[in-house]
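Before any comments, here is the structure.
The values are calculated or read from the model by the stated rules, or taken from the named source; none is laboratory data. Note that the structure is predicted; figures quoted are calculated from it, not measured. FYI the Cβ positions are ideal-geometry reconstructions off the backbone, even for glycines, and counts take in every protein chain you see.
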């Protein structure tokens, strides 16, 4: 019992060492890790020596005593040795079974064989590494007890052999485990057996022939032998020659397991072929394109390569059923009309009018994100695809006289430490200058977003260790406390400003998003330089370098520091020390207290359903004013992640009320939206009217915009509809968990899962059935009631406008007013459908989970009826949204994710729901027949 408890304790210590220590160092070179491991083992030994002294400590013998022996083939063997050999044999067998026949064991071997392929197959590599450490430590503990029971005497060469030396035995398996899951040339299976070999070495000749301090290097010698001499534990080879499968030692994989590893690589190759990308392009997009890898769930689901096979009878029958539904309800699915991305052509069409005068540099800027900017490397593409003249003119028409573009500094200017990263920087600078000039000629302005300096892979710092700051995963920061890094930022910004003299402004995020300076992810204490400087100084020095670069170029470009992510105690010292040309921008609605459905929450950002400004922004603007800095407000006027798949959420009265409050503060500029919400909309126009005309109020601005858009016959109805929508939207169950994880973006395009998937929802991506992540602090019933209230408000608003449309005079303003009103109704209907669907999905999964727990027959029918009703209603919503998207290609689209769904997705969902409902109808019928005693064979089978 004591031995077992001790082994478990040591295993837990091994896991703890990996999580707290080795995990942070795993990307260092192999030699560094070996040295660190040996150093740590020495520390452990010394601590043990001070705790337990240097005396030899042996455990009681299981059989006999120190003089007992058995004769085996003429040799005298201690009975205790047989116990040790038996324990070793049992351990090896159990380890073999674990690694070969269990899911976790196979996952460990896959991680060792090829970590990249394992990651693509959905295996959690850090967890496997921790498990490897735990197993290795447990083996070391067993070896310790085995050695303790044998009780070998100290030698004349080493009088320190005692508890400390026995604990030192742990270093061999820990050192091996450290590399077992790094994807080097031996797998976890081989590594753990190698640990035993190393322990044998320690118990044998090396222990009696080598001084203690020299013995500390035994593992180093053995590890070098393992790592350098090919063939020691098996021949190395390529698996199927597949690109992306790294060179590995051959493992005892089954054919099925080997096929899965190869399939993961082949699936990635298929993806690259489909995208026509290189591996480098995919890696860059996953990391740099607005957190694409996180939006995809930080994993690639295990998907077999696409292969044709003849369908069996059951598949053919199901295809027939699906085909009947599609032909009946979606006969136009394969026909042209309502083409996706049609809105790009519509918004890009040049307007037949003279361009407005260039924007006055002294005016208060309003800029937002492009509604359809290309991501990846847009400055190497034709900028007119992302910022066409017609779109820029339409933004100006609604009062937005600027748009922003993300830049990556090492792509825009030479990167001296690795020039290859900056390939084509001259072309990007030229394209940036041309785009800034063209927008200025259109009366607009181009703003550049910088989140710098971007982190570099750990391998980069092997050649440049003096630049390294804080490590995070596979990357580390370029430490801005190093003068050379700040000098590079300054020179790069100067070069950009010289190449783009018409650039309207640069704004920064320095408190989150990508890993940049050492305090950007709040781990600056891991860098000695930045820990001493403190976060405010680091942030200030970063902006001083950017401002100095602007000054070197003689640029009048504005510089805005966005306080996104700054902790409260950073703000005052930062604002007090920023250069005076730097404006401070704060999210207006941040920290607004809300109480919805009896649930108290606080706004983070992305909240159109509440009217700011909030206390955080007010405090920060006061600090900026006291420091003599200009003040900007960051807003989300079109839409937010409360619903990202529509061009705008027409809660226009809420926008007007927010504008009036901000107008009283006399701020110096406004950012109207992040990546979403850039579609020209009534929201943007109402905000701009209130900012441009201080003599009007919300009612007047709403009426004026409605009159211009819909004409006199529908203007009042539009104001009433916007007001009703705003009232309902104020009940939205706001919480960051819902915004980023909820089903509202996909709406009725989200599949229904009859069984739990086990997947976690992804950031504004795939919600799966991860209901707890959707709800946040809201009870499920409260959430659904609030979301249904929101949906009802939008449905009421649409009904008001449909009535106004029916009364609109024919040919009103050449049909312009009618077309605008029809488009407004489509947007409102789509919003209502999404919110209604979010509520229904929660109710569906409540019933699904309840169904699994039903034990009484009388409860079964009610649960089945709920499932049937919710699925049927979801199918109806999918059909409604299908018609809307066919008529309006803006529906379902968002700038960074592009289409959350397309018409085929909605048709597939409708078919899924109908087939589900039919199956549950059959079950309900079977239950009814059973209760009445008239069930037939078919009903009985259905009930089963």
Of the conditions (1) under 26 Å from residue 630 (Cα atoms); (2) in contact (Cβ under 8 Å) with a residue 40 or more places away in the chain; (3) not in a loop (DSSP other than H, G, I, E, B), residue 551 clears all except one; give me its number. (2)
In the stretch 881-907, anything in contact (Cβ under 8 Å) with a residue 60 or more places away in the chain and either in a helix (DSSP H, G or I) or more than 14 Å from residue 645 (Cα to Cα) (or both) is listed as 881, 882, 885, 886, 887, 903, 904, 905, 906, 907
For the stretch 454-464, state whether one or more residues are assigned to a loop (DSSP other than H, G, I, E, B) and either crowded, with 21+ Cβ neighbours inside 10 Å or modelled with pLDDT under 95 (or both). yes
When residues of the stretch 481-521 are limited to those that are within 30 Å of residue 20 (Cβ to Cβ) and over 26 Å from the mean Cα position of the chain (by Cα), the one surrounded by the fewest Cβ atoms within 10 Å (Cβ to Cβ): 482
Which listed residue, of 747, 711, 742, 678, is on the phi > 0 side of the Ramachandran plot, buried (at least 24 other Cβ atoms within 10 Å of the Cβ) and touching a residue at least 12 places away in the same chain (Cβ under 8 Å): 747
Expected output for the stretch 337-357 (first residue not assigned by TED's automatic domain parsing to the domain that holds residue 885, partner at pLDDT below 90 and assigned to a loop (DSSP other than H, G, I, E, B), Cβ below 9 Å, 6+ apart or cross-chain) is 345/339
Restricting attention to the stretch 287-297, the residues that are without any contact (Cβ under 8 Å) to a residue 60 or more places away in the chain and part of a loop (DSSP other than H, G, I, E, B) number exactly 0
Only one of 678, 604 is assigned to a loop (DSSP other than H, G, I, E, B) and within 27 Å of residue 388 (Cβ to Cβ). Can you tell me which? 678
Those residues that are part of a strand (DSSP E or B), touching a helix residue (DSSP H, G or I) at 6+ places or on another chain (Cβ under 8 Å) and under 23 Å from residue 793 (Cα atoms), I need them from the stretch 582-601; list them, please. 596, 599
List pairs: first residue in the stretch 756-772 and surrounded by fewer than 15 Cβ atoms within 10 Å (Cβ to Cβ), second residue in a loop (DSSP other than H, G, I, E, B) anywhere in the structure, Cβ distance under 7 angstrom, at least six positions apart or on different chains. 756/769; 757/768; 757/769
Over 19 Å from residue 843 (Cα atoms), loosely packed, with under 15 Cβ neighbours inside 10 Å, at pLDDT 95 or above and under 40 Å from the mean Cα position of the chain (by Cα): is that true of residue 908 in this structure? no
Looking only at the stretch 840-852, which residues are in contact with a helix residue (DSSP H, G or I) (Cβ under 9 Å, 6 or more places away or on another chain) and either surrounded by fewer than 20 Cβ atoms within 10 Å (Cβ to Cβ) or farther than 10 Å from residue 874 by Cα (or both)? 842, 843, 845, 846, 847, 848, 849, 850, 851
For the stretch 404-434, which positions are under 20 Å from residue 382 (Cβ atoms), touching a residue at least 60 places away in the same chain (Cβ under 8 Å) and in a helix (DSSP H, G or I)? 412, 429, 430, 432, 433
For the stretch 287-317, which positions are within 15 Å of residue 267 (Cβ to Cβ) and surrounded by 11 or more Cβ atoms within 10 Å (Cβ to Cβ)? 296, 299, 300, 301, 302, 303, 304, 305
Kindly indicate whether any position in the stretch 86-102 is at pLDDT below 65, within 27 Å of residue 127 (Cα to Cα) and either touching a helix residue (DSSP H, G or I) at 6+ places or on another chain (Cβ under 7 Å) or assigned to a helix (DSSP H, G or I) (or both). no
Residue check: is residue 592 within 18 Å of residue 509 (Cβ to Cβ), surrounded by fewer than 24 Cβ atoms within 10 Å (Cβ to Cβ) and modelled with pLDDT of 95 or more? no
In the set 610, 528, 533, 583, the lone residue that is touching a residue at least 40 places away in the same chain (Cβ under 8 Å), surrounded by fewer than 23 Cβ atoms within 10 Å (Cβ to Cβ) and over 18 Å from residue 511 (Cα atoms) is 610
Do you know which residues across the stretch 536-592 are under 28 Å from the mean Cα position of the chain (by Cα) and either on the phi > 0 side of the Ramachandran plot or not assigned by TED's automatic domain parsing to the domain that holds residue 447 (or both)? 565, 584, 585, 586, 587, 588, 589, 590, 591, 592
In the set 637, 623, 667, which member is under 19 Å from residue 559 (Cβ atoms), in a loop (DSSP other than H, G, I, E, B), touching a residue at least 12 places away in the same chain (Cβ under 8 Å) and in contact with a helix residue (DSSP H, G or I) (Cβ under 9 Å, 6 or more places away or on another chain)? 667
